[in-house]
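Below is one structure, written out as structure tokens, with a few remarks after it.
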Amino acid sequence: MLRIGCHLSSSKGFMAMGKEAVKIKANTFQFFTRNPRGGKAKPLDLEDMQNYITFSQEHGIAHILAHAPYTLNACAKDPGLRDFAKNTMADDLTRLSHLPESMYNFHPGSHVQQGPEAGIAYIVQLLNEILTPDQKTVVLLETMSGKGTEVGRSFEELKSILDQVELEEKMGVCLDTCHVYDAGYNIVDQLDDVLEEFDRVIGLERLKAIHMNDSKNPFASHKDRHEKIGEGSIGLEAMVRIINHPALRKLPFFLETPNELEGYAAEIALLKSRYQEEVGE
Ligand code: FE
Ligand code: FE
Ligand code: ZN
């Protein structure tokens, strides 16, 4: 069974997202923990969460992915900004402790003029301060396109972070197809090679989720502009190979394509129709 969903608005709460997911025939989804530009989260609604958990079990929804606000910068030069990222992420993790099986994805950040090594050191420091031995939520580093001074443009940079996190077992990686293609990993013509490289550098056991996005820009452009499935430089057939690849086919896939719900429903149906079920699945 293909585990697939899309990014949904969290403004109306978890039950609303669960119902939307069912409506578009998704069996997972991603959401922002709060306004994507940062700021205060809504008060925790434990009743809504509890209702959602029952609903998700009845409808086979699982492995949902929380996304941190993308404006957080864990490796900002300004200690105030780093503190803000740390406090926000720690608060998000506390909230997510009420949701079994949830994962938490964040952009490693931008080192600006400090260089990637300094940036990585700050990210590691932050993670070592917020991760706790008893947390259930796995925290994912997202692969980035290398726009500007983004950290996470290469598997080596992500590995360097993972290696220095004390509670490494709480960490994983979310591979964004648009980002890695823009970063210069050729998942269109050399998918096997890219996955072998991921395995060699990071280890495929650390790969926990896939963001499914086509790219508006050509290979290695370092741009990060998402396109609808099949309408960009990656193309539908490469996407079909990705969802069916033996190393990836059991992972949850999340669409972050420029779509309304209707468009997401169509992409989910399309990818489901191209997924090769195995006997006994
Ligand atoms: Fe992201
Ligand atoms: Fe993404
Ligand atoms: Zn992106």
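Which of (1) on the phi > 0 side of the Ramachandran plot; (2) assigned to a helix (DSSP H, G or I); (3) not basic (Lys, Arg) does Ala238 not meet, given it meets every other one?
(1)
State yes or no: is Glu166 of a type in the set (Asp, Glu), away from ligand 3 (no atom under 16 Å from the Cβ), surrounded by fewer than 18 Cβ atoms within 10 Å (Cβ to Cβ) and not in a helix (DSSP H, G or I)? Spell out the reasoning first.
Details: of a type in the set (Asp, Glu): yes; away from ligand 3 (no atom under 16 Å from the Cβ): yes; surrounded by fewer than 18 Cβ atoms within 10 Å (Cβ to Cβ): yes; not in a helix (DSSP H, G or I): yes.
Spelling it out, Glu166 is indeed of a type in the set (Asp, Glu), away from ligand 3 (no atom under 16 Å from the Cβ), surrounded by fewer than 18 Cβ atoms within 10 Å (Cβ to Cβ) and not in a helix (DSSP H, G or I).
Restricting attention to the range 256-270, does a residue exist that is of a type outside the set (Val, Ile, Thr), under 12 Å from Met212 (Cβ atoms), away from ligand 2 (no atom under 16 Å from the Cβ) and part of a helix (DSSP H, G or I)?
Taking the range 256-270 and keeping what is of a type outside the set (Val, Ile, Thr), we get 256, 258-267, 269-270.
Next, only the ones that are under 12 Å from Met212 (Cβ atoms) stay: 256, 259, 264, 267, 270.
Retained after the next criterion (residues that are away from ligand 2 (no atom under 16 Å from the Cβ)): 270.
Adding the requirement that they be part of a helix (DSSP H, G or I) leaves 270.
Taking every residue of the range 256-270 in turn, at least one turns out to be of a type outside the set (Val, Ile, Thr), under 12 Å from Met212 (Cβ atoms), away from ligand 2 (no atom under 16 Å from the Cβ) and part of a helix (DSSP H, G or I).
Is it true that some residue in the range 110-128 is polar (S, T, N, Q), within 16 Å of ligand 1 (Cβ to nearest atom), within 29 Å of Arg3 (Cα to Cα) and not in a helix (DSSP H, G or I)? If you could, list the steps in order and put the result at the bottom.
So in the range 110-128, the residues polar (S, T, N, Q) come out as 110, 113-114, 125, 128.
Pick out the ones that are also within 16 Å of ligand 1 (Cβ to nearest atom) and you get 110.
Still in the list and also within 29 Å of Arg3 (Cα to Cα): none.
Within the range 110-128, not a single residue is polar (S, T, N, Q), within 16 Å of ligand 1 (Cβ to nearest atom), within 29 Å of Arg3 (Cα to Cα) and not in a helix (DSSP H, G or I).
Of everything in the range 215-274, what is polar (S, T, N, Q) and more than 17 Å from Phe29 (Cα to Cα)? Give them in sequence order. Please lay out each step first, then the result.
Going through the range 215-274, the residues polar (S, T, N, Q) turn out to be 215, 217, 221, 233, 244, 257, 259, 273.
Residues satisfying the conditions are Ser215, Asn217, Ser221, Ser233, Asn244, Ser273.
If I filter the range 174-208 down to residues being outside any loop (DSSP other than H, G, I, E, B) and among the hydroxyl-bearing types (Ser, Thr, Tyr), which single residue comes out as farthest from ligand 1 (Cβ to nearest atom)?
Tyr181
May I ask you to list the residues in the range 16-73 that are surrounded by fewer than 20 Cβ atoms within 10 Å (Cβ to Cβ) and among the polar types (S, T, N, Q)?
Asn35, Gln50, Asn51, Thr54, Gln57, Thr71
Taking the residues in the range 102-132 that are within 16 Å of ligand 2 (Cβ to nearest atom) and not aliphatic (A, V, I, L, M) as candidates, determine which candidate is farthest from Phe253 (Cα to Cα).
Residues of the range 102-132 within 16 Å of ligand 2 (Cβ to nearest atom): 103-110.
If we keep only those that are not aliphatic (A, V, I, L, M) as well, we get 104-110.
Values: Tyr104: 14, Asn105: 13, Phe106: 16, His107: 17, Pro108: 20, Gly109: 23, Ser110: 25 Å.
That would be Ser110.
Between a residue in the range 13-34 that is on the phi > 0 side of the Ramachandran plot and in contact (Cβ under 8 Å) with a residue 40 or more places away in the chain and any residue that is surrounded by 19 or more Cβ atoms within 10 Å (Cβ to Cβ) and outside any loop (DSSP other than H, G, I, E, B), which pairs come within a Cβ distance under 7 Å, given they are 6 or more apart or on different chains?
Sorted first by the residue in the range 13-34, then by its partner, the pairs are Lys25/Ile268.
Going through the range 64-117 one residue at a time, which ones are touching a His at 6+ places or on another chain (Cβ under 6 Å) and among the hydroxyl-bearing types (Ser, Thr, Tyr)?
The one that is touching a His at 6+ places or on another chain (Cβ under 6 Å) and among the hydroxyl-bearing types (Ser, Thr, Tyr): Tyr70.
Does Glu20 meet the test of being under 26 Å from Asn244 (Cα atoms) and either of a type in the set (D, E, K, R) or in a helix (DSSP H, G or I) (or both)? Quick ask: steps written out before the conclusion?
Details: under 26 Å from Asn244 (Cα atoms): yes; either of a type in the set (D, E, K, R) or in a helix (DSSP H, G or I) (or both): yes.
So Glu20 passes the test.
Starting from residues that are out of contact with any Ser or Thr (no Cβ under 7 Å at 6 or more places or on another chain) and outside any loop (DSSP other than H, G, I, E, B), keep the ones in the range 133-157 and report whichever is nearest to ligand 2 (Cβ to nearest atom).
Glu142
Laboratory data are not the source of any read-out in this text; all were calculated from the coordinates shown. A quick note: this is a predicted structure, and the numbers were derived from the prediction, not measured. Here Cβ is always computed from backbone atoms with ideal geometry, including for glycine, and neighbour counts include all displayed protein chains.
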